[in-house]
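The values are calculated or read from the model by the stated rules, or taken from the named source; none is laboratory data. Small disclaimer: the values here were computed from a predicted structure and weren't measured. Cβ placement follows ideal geometry from the backbone for every residue including glycine, while neighbour counts extend to all protein chains displayed.
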Amino acid sequence: MRLLVTVFAVLTVFGAPAPVEPLSSCECATDLVWHAEEGRPVFVGIVTRVEFLDELEDGGPEPRIIVDIDVIRSWGEEIPSRITLHTFYNQWECEGYQFEEGKAYLLFAYVNPAPHQRRAHPEWPPAATFGTRYCGVHPLEGAGPEIERLNRAFPGQS
């Protein structure tokens, strides 16, 4: 009984410990304005195709995917009206994203470094491929604040 009273007194004085939310290894802040200023494509686009190059299997490596995106709007340097990503269907690593056909996203892309190019297409490495990270992709319906920041940083761009 004395232990119970002591525990209650400690919790009353110091408060109960707050529950801890589990963190994803990919939770991060990505400054899209910085990426646009650095010359990386930052844009809103609609996914028109997601092609799986590997099977989606539990516990296996993340499947390689090719994603075609029709660009609706961009910030920073001029980019083509369509961008193709060679990336991964993100499940537990930080590369890639679980893109869905027909859905609009705000995202940045980067030229894949050589190891990623080989991993994305070991049998056919194109001259340059674009990738993205989980933290750099936002479904459009929740991207309003980021778009406002980009509009302030790049006034007059569409």
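Numerical summary
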| quantity | calculated |
| --- | --- |
| Output for the range 83-108, where each listed residue is at pLDDT 90 or above and not in a strand (DSSP E or B) | Tyr97, Gln98, Phe99, Glu100, Glu101, Gly102, Lys103 |
| Filter pass, Asp68 being over 23 Å from Leu140 (Cβ atoms) and either among the acidic types (Asp, Glu) or modelled with pLDDT of 90 or more (or both) | no |
| Residue check for Tyr89: among the hydroxyl-bearing types (Ser, Thr, Tyr) and in contact (Cβ under 8 Å) with a residue 60 or more places away in the chain | no |
| Restricting the range 109-127 to residues that are among the small types (Gly, Ala, Ser) and modelled with pLDDT of 70 or more, the residue that is nearest to the chain's Cα centre (by Cα) | Ala109 |
| Unique residue being over 13 Å from Gly136 (Cβ atoms) and touching a Phe, Trp or Tyr at 6+ places or on another chain (Cβ under 9 Å) when the list is Pro80, Pro61, Pro41 | Pro61 |
| Verdict on Pro80 being at pLDDT 85 or above, within 17 Å of Tyr110 (Cα to Cα) and under 15 Å from the mean Cα position of the chain (by Cα) | no |
